[in-house]
Amino acid sequence: MADNDRPKRPLPKFSKRVLEPEDDERQAWPSFLEAPEGQERNPHLQKTRRGPTPTVAPRGDKITYTEGEFDRIVISYYDLLGNLSPNAKAAVQADPEKYLAILLHGGGRAFLLTHPLAAKTVQQNIIDLQIASVSDAEAGPEFMSAVRVHFPEACFNHDSREWYDKPWTIPAEGVTDAARHFLLWQQTFAFSKDSAWHVVPFDRDLMPWLITTVSGSAIDDGSLSKTELLRRIKCMLVEDSMFLNMCDRHLAAQGVAGSVRSRTIKALSTFNLTPVEFTNTRANRETVMVLTGEPITHDKDDHFAWLRLIRSKNYTVGFDTVVTGRRWDPCAGCKSELHPVDECSFAKTFGWFGPSADDMKHMVVTAKSSMRKDDAPTKKPQQRTGRGGNPSDRPQGRGARRGKA
Ligand SMILES: [Zn+2]
């Protein structure tokens, strides 16, 4: 079954006429120096414990986890399903709300090989938490017996470069409504270095705001300001009739009133740049800018087309050319692509029982070493079952660093 099984929203008929801003509007594009808007909607900036406080809390007294508020884990529905076996994927697609997605902190193929009972551990953790309403508890200890956490089976064999690519979703089912509410509200449960995990829903409507990275020597040496770079990116995009057309069509379909110009300005208003410093492959510190912005559609294919358009441009600022899509190792812990593992907020949480940044880095080294020994079996022809589309068409972003989202 194709990933993109969401019914498409009806859009106005695509006009073959290229939409251009009216002459008087062309004069009136803003300077784009305003502060980014709508950042409160950016899921990457949100925290856990959103929404109503659960009415029940864990009753279990034989298990302790790190209390606190954490960064929200933002992984799209398609990426959560992206690497699951066809059977698991089909089951979740048939009834996404029946399942929860469990993501091991630091999880990946290497972690699962060294922790073959990881899924059973998570299942026992959930049972031991004893998140139960009064009626659940009165039903006796069997109330949690329906909890099932499935070991993640990948849909194809990984080659040596993909050990940490995917979050390796662990589907869980049979969780009571009360437990589900608490698990999703808290999201992150760190019990020990060998057991720390996050719970997220299979939510088709969650759209990551990550667009691309922007890099160049002028960014790295600090001579090109974030404001000037963002202004230039926006100015170049409004000169692209395809970009105007996309913003106009999709925002019009959402009922956003106005002209081509005003809809495009609205689409660009949420664009923002965040500097990220990381250690590159030459062991030097390097700074890139991460470009984020609110997606203009929930349709996967249309969203990817919009991303490709933004990423395909050659942005120039004065003498400086900057490039999009600089590749770097995203966080091996929480799998965020907005910070390197050294900057992971989870491991910096007071009282964190899960693996540290150093533990994560050590695991990467160990995994690569093990991988070399285990190289031959991992080089089998890949079974690309259920993974349609041209990998090069897939977005950069989670798991797409090597062109395989
Ligand atoms: Zn992280």
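Brief remarks follow.
- Filter pass, residue 222 being at pLDDT below 95 and farther than 20 Å from residue 30 by Cα: yes
- Beta carbons closer than 6 Å, at least 6 apart along the sequence or on distinct chains, pair a first residue in segment 338-362 that is within 12 Å of the ligand (Cβ to nearest atom) with a second that is of a type in the set (Asp, Glu) for 345/71; 357/342.
- Looking only at segment 78-96, residues that are at pLDDT 95 or above and closer than 25 Å to residue 47 by Cα come to 1 in all.
- Scanning segment 314-337 for residues that are away from the ligand (no atom under 16 Å from the Cβ), of a type in the set (A, V, I, L, M, F, W, C) and touching a Leu at 6+ places or on another chain (Cβ under 9 Å) returns 317, 322.
- Pair list, Cβ < 7 Å and 6+ apart or interchain, from segment 304-328 residues that are at positive phi to residues that are modelled with pLDDT of 90 or more and hydroxyl-bearing (Ser, Thr, Tyr): 325/212; 325/213
- Residue match in segment 282-298 (condition: farther than 28 Å from residue 228 by Cα, more than 21 Å from the chain's Cα centre (by Cα) and at pLDDT below 95): yes
- Residue count for segment 186-198, restricted to those that are crowded, with 16+ Cβ neighbours inside 10 Å and outside any loop (DSSP other than H, G, I, E, B): 9.
- Here residue 251 fulfils each of the conditions (1) within 16 Å of the ligand (Cβ to nearest atom); (2) of a type outside the set (Lys, Arg); (3) surrounded by 15 or more Cβ atoms within 10 Å (Cβ to Cβ) apart from (1).
- Residue match in segment 303-311 (condition: more than 24 Å from residue 73 (Cα to Cα), at pLDDT below 90, more than 16 Å from the ligand (Cβ to nearest atom) and not charged (D, E, K, R)): no
- Residues satisfying the stated conditions in segment 44-67, i.e. touching a residue at least 40 places away in the same chain (Cβ under 8 Å) and within 15 Å of the ligand (Cβ to nearest atom): 44, 48, 66
The values are calculated or read from the model by the stated rules, or taken from the named source; none is laboratory data. Since this is a predicted model, take the numbers as computed values, not measurements. Counting neighbours? That spans all protein chains shown, and the Cβs are built from the backbone with ideal geometry, glycine included.
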